[in-house]
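Notes follow once the structure below has been shown.
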Amino acid sequence: MILTLAGTADGREVIQALKRAGYPVLATAVTPYGAKLAREAGATRVREGALEGEDLAALLAEGSIQAVIDATHPYATTITTRARTICQAAGVPYFRYQRPAATLPAHPHIARATGWAEAVKLASSYRTIMLTIGTRHLEHFTAAPALAGRRIIARVLPEVASLEECRRLGLWPGDIIAIQGPCSYELNSALYRQFGVEAVVTKDSGSTGGVEAKVQAALDLGLQVIIISRPPEPDALPLEEVINRLLQTVPPS
């Protein structure tokens, strides 16, 4: 059994590749939607809910897990660091799959930030800012003194927990866009115009996350784009290489 840390569209792709290679798959997903995607992709078993360190260690201790493939989001550094450490301690092979970065043009309206504080500083020059970064890091912006008086618009998943977090942070319904991405170029453009956006803050989530359409729509409207750079992951591999190394390490029975 191969344990896949999934929950994104990447997880679905990994599960399908593992099934084609002949492996049974136990997939994890934080949200019900992620669990649904994993089941549809053909996972043998799906574990739904947040995976804490002790949970992962317990799964590996069962003895049925032959290897772990980490297909979590490129910015999910906490679970990725934890998974590497726990797998090493348990002697279970660990492979990190990371979706390719987006192909973006060199453009004067694109600025890259190495962290959240830098992104806030770059955004502070604008009056209306759209955040397309999920909910985990919204508070860096909503609580920043440098952004006091600015209009902050959050584009988040249409999940109850996401909406509750936005309201907890003081965002009003008129400043919350609840939508499942990726969004098309045309929809991105319409949202930017509708809300009078001047700057867009996003992660480099790659083509899977619809970054190119999001960025191009902003550039064509003359908006500023602030991209949070990915955390460095020297052991990340493309999917084909992950499967090849897995086949060499733990051949399917």
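Taken together, the values in this text are just the output of simple stated rules run on the coordinates, not laboratory data. As the structure is a prediction and not an experimental result, all values here were calculated from the model. When we count neighbours, we look across all protein chains shown, and the Cβ atoms used for this are built from the backbone with ideal geometry, even at glycine.
Quick notes on this structure:
- A simple charge model with +1 on the Cβ of Lys and Arg, -1 on the Cβ of Asp and Glu and nothing else charged puts the dipole of region 81-207 at about 260 debye relative to its Cα centre.
- Residues of region 187-229 with an amide N closer than 19 Å to a point placed 7 Å from the Cα of GLU118 along the Cα-to-Cβ direction: 200-206, 224-229.
- Farthest towards the positive end of the charge dipole of the chain, among the residues ILE65, THR44, GLY222, is the Cα of GLY222, using unit charges on the Cβ of Lys, Arg, Asp and Glu.
- Two-site label geometry, SER125 and ALA57: point separation in nm, points 7 Å out along Cα→Cβ: 4.8
- Comparing ARG230, ARG82, ARG155 in a Gaussian network model of the chain where C-alpha atoms under 10 Å apart are linked, the largest mean-square fluctuation is found at ARG82.
- By other beta-carbon atoms within 10 Å, ranking THR28, THR80, THR128 with the fewest at the front produces THR128, THR80, THR28.
- Tally of Lys pairs whose C-alpha atoms are under 24 Å apart, taken over the chain, 8 or more apart or cross-chain: 4
- Taken about its Cα centre, the chain carries a charge dipole of about 260 debye when Lys and Arg each add +1 at the Cβ and Asp and Glu each add -1 at the Cβ.
- The chain, helix-only ellipticity at 222 nm - DSSP H runs n ≥ 4, -39,500 (n - 2.57), divided by all residues, nearest 500: -11500 deg cm²/dmol
- Just checking the listed ones, GLU62, GLU139, GLU164: in the Gaussian network model of the chain with Cα springs under 10 Å, the one fluctuating most is GLU62.
- R0 of 25 Å, Cβ-Cβ distance LEU237-ARG45: FRET efficiency to nearest 0.05: 0.55
- In region 110-228, Cα pairs under 8 Å separated by at least six residues give a relative contact order of 33 percent.
- Spread of Cα-to-Cα distances over 10 Å intervals beginning at zero, given as percent, for the chain: 7, 29, 32, 21, 10, 1, 0
- Region 14-136 - charge dipole about Cα centre, Lys and Arg +1 at Cβ, Asp and Glu -1, debye rounded to 20: 400
- Cβ-Cβ FRET estimate between GLN194 and GLU159, R0 fixed at 30 Å, reported to 0.05: 0.85
- In the chain, taking the dipole from charged Cβ atoms about the Cα centre, the farthest positive-side position among GLY210, VAL250, ALA178 is held by ALA178.
- Anisotropy class of region 1-56 from Cα gyration tensor, a/c 1.5 cut: oblate
- Remark: the Cα gyration tensor places region 110-228 in the rounded category, a/c being less than 1.5.
- Translational diffusion of region 68-125, estimated by Stokes-Einstein from the Kirkwood radius over alpha carbon pairs at 25 °C in a medium of 0.890 mPa s, is 173 µm² per second.
- Other-chain or far-sequence residues with amide H under 5 Å of ALA113's (modelled H): ILE227, ILE228, SER229
- Using R0 = 41 Å, the C-beta based FRET efficiency linking ALA111 and THR78 works out to 0.95.
- Only one residue of ILE133, ALA123, LEU239 has its Cα farthest out toward the positive end of the dipole of the chain, where Lys and Arg carry +1 and Asp and Glu -1 on Cβ, and that residue is ALA123.
- Normalised contact order of the chain, rounded percent, pairs of Cα under 8 Å and 6 or more residues apart: 20
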